[in-house]
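Engineer: Before anything else, here's the structure in question.
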């Protein structure tokens, strides 16, 4: 805007500019406010959902840990899955459901729960735990090739030894003692290098007999 224009000229210029652009500016401001408050409302809703799911999840844990009222635990679990299926608590509940199914020797149900957890999980920290449990549950169904295929992942993170151990357990179930022994020893070396507990692996190797040095 020319600073040498008179006040009237400047006022007229501003009026014309407002006629041409004012509505779009107001609309933009309104949309911006809607976006801000809409996002805050969504955050509030998400927080409320998480808090409600957390409370129900704690109820499930209390029931499971007391080893009583398993039917009640399943009812609460179903409610979490139905109402809060997009939260991490739904995945954790599915892990509990899978454990209950394994305790009841219902491996088909356990596999179903774990597949749901793997498909719906959004937390990278849980993926390996779910996958390892799923592979073991599938192996209990004697679907050994499928179980071992679940363990073939490129990035095993800090779970490399656990993957070796799980595959060794499957080979042992299949009767391949030499293959199992080799993987147990591989897992043992990895755990020792990482200064992790090796007591269980030591027992498994002692049960098979160590390979000749």
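FYI, it's all coordinate maths here, none of it is from the lab. From a predicted model like this one, the values you see are computed outputs, not experimental measurements. Every residue, glycine among them, receives a Cβ derived from its backbone with ideal geometry; neighbour counts consider all protein chains shown.
Engineer: How much FRET efficiency would the formula 1/(1 + (r/R0)^6) give for residue 142 and residue 119, where r is the Cβ-Cβ distance and R0 is 22 Å, rounded to 0.05?
Structural biologist: The pair residue 142/residue 119 has a calculated efficiency of 0.45.
Engineer: Now for a different question. Please compute the modelled spin-label separation between residue 152 and residue 186, points set 7 Å along Cα→Cβ, answer in nm with one decimal.
Structural biologist: 1.3 nm
Engineer: Give, in nm to one decimal, the length gained when the segment between residue 106 and residue 83 is fully stretched (0.36 nm per residue of separation minus the Cα-Cα distance).
Structural biologist: 5.7 nm
Engineer: At R0 = 25 Å, how high is the FRET efficiency between residue 174 and residue 195 if r is their beta carbon distance? Nearest 0.05 is fine.
Structural biologist: Approximately 0.20, to the nearest 0.05.
Engineer: Same structure, new question: Rg to Rh ratio, the stretch 158-213, alpha-carbon atoms and Kirkwood radius?
Structural biologist: 0.94
Engineer: If you don't mind, another one. What FRET efficiency do you get for residue 99 and residue 210 if R0 is 25 Å and r is their Cβ-Cβ distance, rounded to the nearest 0.05?
Structural biologist: Details: r = 32 Å, r/R0 = 1.29.
Efficiency for this residue pair is about 0.20.
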